[in-house]
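Written out below as structure tokens is the structure these notes cover.
None of the figures in this text is laboratory data; all of them are computed from the coordinates on show. Predicted model only: the values in this text are computed from it and were never measured. Heads up, the Cβs are rebuilt from the backbone with ideal geometry, glycines too, and the neighbour counts pull from every protein chain shown.
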Amino acid sequence: MASTNAREVNRRRLLKGAGALATAGVIGMPAILKGQSGAIKIGVPTILSGRVAVLGQTSVGGLHTVFDKVNETGGINGRKIEMVVRDSKGAPQEAAKVTRDLINNDGCQIIIDAEASSGAFAVQEVIREIGVLCLHTNSETSSLTADPKLHVPTAFRTARQGIHDAIGGGDYAAKIAKAKSLKKWVTCSPDYAYGRSNTAEFMEYAKYFDNSIQVVDEAWPKLFQPDYTEVVTKVLNAKADAMYSALWGGDLVAFIDQGNLYGLFDKQASFMVNLGDYGIVDEVKQFPQGVYSGGRYNRTVPPTKENEDWYQAYVKTQKHKPTNWSWENAVAAELLVDALRKTNGDTNGKKLAEAIKGAKIKSPFGVDGTVTMRAEDNTLINYVIGYGLSQSKDPYISDFKTSSWEPILELEKAWKKKQGYA
Amino acid sequence: MDLEALMRCLGTGSCVVTQLTSGLIIGMLLFLIASGVTLIFGVLNVINFAHGSLYMAGAYIAWTLYQVSGSYFVSALGAAVAVGLLGVLFERLLMSKVYGSNVLMQLLVCYAVVLISDDLVKILWGPRVLSMGMPAEFRLPPLRFMGGVVPPFYLFMIGTAMAIGLVLSLIIARSRFGKIVRAAAVNGPMVSALGIRVNLYYAAVFGLGSALAGIAGALAAPVRSLTPGMGFSILIESFIVTVIGGMGSIAGAFVASLLIGFTRSFGSIGFPLFVDGVMFLIMALVLIFKPSGLFGRQQR
């Protein structure tokens, strides 16, 4: 009798459990179905206020050039792409919080991190914890993807990498240094991670290609410092043959305006990696002559129909010119769309990461019309790198020399070994 | 630290001239901004944490007027007047409601104004960097003294700031307006009891302090880039100057500004990585040994 009762109790329990499961499935199914059939939500933490608001504005502009076109043609398997953009105000802790909120509260399945370097490292740690797909689009600090200790399998970088620019730029600068006998150099860069690493890497490779170059003095103004008078006079007092600067944005404009007052740019050759951006090069009123600039984004670099078409489409819809951040975000969007098509719209972080890793896509910003997401460290390669002579009129750069990727990749390997990254 | 480089500079006429004028330039602009803060505090006992936003407004208004008029002098004057009026509005509509309140309430009101003004600037002028460029009147080659380089615009800036400082001191010390303002600073209700509309004078002082920030912004516009939020970068230094010089003392603001200016200019050669540290150290020493500031009055 007892065993019969026990069997009945177990059967009842089993039936109850099965019934509960079935109910949960019926209630939960619409939500699951909605998740796979509703909009694909992409969270974009970025800077929309303060001194660097233009970073956020032009980053989102770059994303729109791709996502709007995809949505116009029906989306991915009928699912539209929806961007949820949030302001981190440039504060790393806010960037991390905003990223968590986008995923946990706003239901975003993918993150396009359009933060500056300080925010990007904070977002990287959130992604490590949560595991959604993340594309870092603006941070150029090499270690973000070069350092294996920071590696996150679902995080990728489409921003240009400092070490790539440094090798290409160092080679270019060394050729000019040899031709014009520019032996004594002074540097003037913002005192934070990007400024320090970018400048160190550039000078390392300038000296590698021309070992007669020596750095006689360094100036390290604070990021967003309003006045550069004492920095300009320090650079003047160094009496160098050439100067390298990684200043950017409003800081660079202020430095040039104040440097002009002292005739700074008449006294030495100047190499400014960030001068080439629209919004900077076309905003400086008394443009110094003979300043060499890195190719950030320019409608004539590369001089292809695809690049010009993208520029025209951007200006038409966004009502302002694109920047370096714009193309980096556009590439991220292209890679993401390509990956979503491969996964049939599945937004699972691991599946998307597998699809993006090693992907090669057509791009107007690639040296040969393509860019590749390198599988070994999740970083973009084959984008246009180079330097040219800046000028005050359209196209704002002349005599542009595109760097070759073969030596860049070779020297990058050696640099990684030296840093202990490989 | 590179004290050897500093000694070398001090032994070279060109370097001394360049760094001295560099220090004067930094100091004089700081003085204009800090004198507005200290004037408002001295009379109204209110710390205007939104002062940087007034400086930002001055720069943007000057930029706009310059695009329209093509005259730098018109734009600088216009910016000073406009920001002075903005200051009066700010005082009448907001700050006057929190006189005598807890300093945290005053800070909250000012911070709200900072956030709103940063976003307003972004809406009206956009988030991009703007540059006025050097006005045609000042596009001259730099002058040379003993081999040192001195830009003509900077001489104009130094001279203007000193002249304004002198006029301000004379107004406060010698005019009827100044007398009433000084009396109101000591005992506002008593001045009011004498039939003087003290509120009007409070608004005028706030307007004057704001106009000083506005003219500072206009003087900075040809050489500094304009971006939303640019006011924050000068606010901290202006408070350091005010604390060192003494809250409420124009003369103190002048001396402290020069001290900070020369610390920055010579420090960039001798101890470039510690310039900010030295500035805060000076402030700390003043707070320890003379808490009211170098020229400040003792708090009762």
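A few remarks follow.
- Each stretch of four or more DSSP H residues adds -39500 (n - 2.57); spread over every residue of the protein assembly as shown, this sum gives -19500 deg cm²/dmol at 222 nm.
- Summing charges over neighbours of residue B:201, with a neighbour being any other residue whose Cβ is under 14 Å away from its Cβ, gives +4 when K and R count +1 and D and E count -1.
- Free-standing Cys, the protein assembly as shown [no other Cys Cβ under 4.7 Å]: A:108, A:134, A:188, B:110
- Extending 7 Å from the Cα toward the beta-carbon at both residue A:73 and residue B:92 defines two label points whose distance is 6.0 nm.
- Temperature 37 °C, viscosity 0.692 mPa s: under these conditions the Stokes-Einstein estimate for the protein assembly as shown, based on its Kirkwood radius over C-alpha pairs, is 117 µm² per second.
- Over the range B:3-289, relative contact order from alpha-carbon pairs under 8 Å, at least 6 apart, %: 41
- Rounded to 5, percent antiparallel among DSSP beta bridges of the protein assembly as shown: 40
- Taking every residue in A:220-226 and counting other chain Cβ atoms within 10 Å of its Cβ, the average works out to 4.
- Helix A:193-209 vs. chain A, principal-axis angle (Cα, 0 to 90°, nearest 10): 50
- Model label zone, residue A:394; criterion: amide N under 12 Å from point 7 Å along Cα-to-beta-carbon; scope the range A:293-311: A:299-300
- Ratio of Rg to Rh over chain A (Cα coordinates, Kirkwood Rh, two decimals): 1.09
- At 1.567 mPa s and 4 °C, Stokes D of the range B:3-289 from Kirkwood alpha-carbon radius, µm² per second: 66
- Förster-model FRET efficiency, 35 Å R0, residue B:101 and residue A:191, C-beta, rounded to 0.05: 0.35
- Charge tally around residue A:162: other residues with Cβ under 12 Å, Lys/Arg +1 each, Asp/Glu -1 each, net -2.
- Cα centre as origin, Lys/Arg/Asp/Glu Cβ charges: chain A dipole, Debye: 1440
- Rounded to the nearest 10 degrees, the angle from helix B:152-174 to the longest Cα principal axis of chain B is 30 degrees.
- Alpha-carbon centroids, the range A:34-101 and the range A:218-233: separation in whole Å: 34
- Peptide ranges A:57-69, A:314-326, A:207-219 listed from the most packed, as the mean C-beta count within 10 angstrom indicates: A:57-69, A:314-326, A:207-219
- With R₀ set to 60 Å, the beta-carbon distance separating residue A:184 from residue A:105 gives a calculated FRET efficiency near 0.60.
- Candidate aspartates and glutamates - alpha carbon under 17 Å from residue A:401, same-chain residues fewer than 8 apart omitted: A:165, A:171, A:277, A:368
- For the pair residue A:344 and residue A:147, a Förster radius of 25 Å applied to the C-beta separation gives a FRET efficiency near 0.15, rounded to the nearest 0.05.
- Rounded to 5, percent antiparallel among DSSP beta bridges of chain A: 35
- Helix A:117-130 and the long axis of chain A differ in direction by around 20°, with both axes built from C-alpha atoms.
- Peptide ranges A:104-111, B:56-63, A:191-198 listed from the most packed, as the mean C-beta count within 10 angstrom indicates: B:56-63, A:191-198, A:104-111
- Under 17 Å from residue A:316, Cα to Cα: lysines that are on another chain or at least 8 residues apart: A:69, A:305
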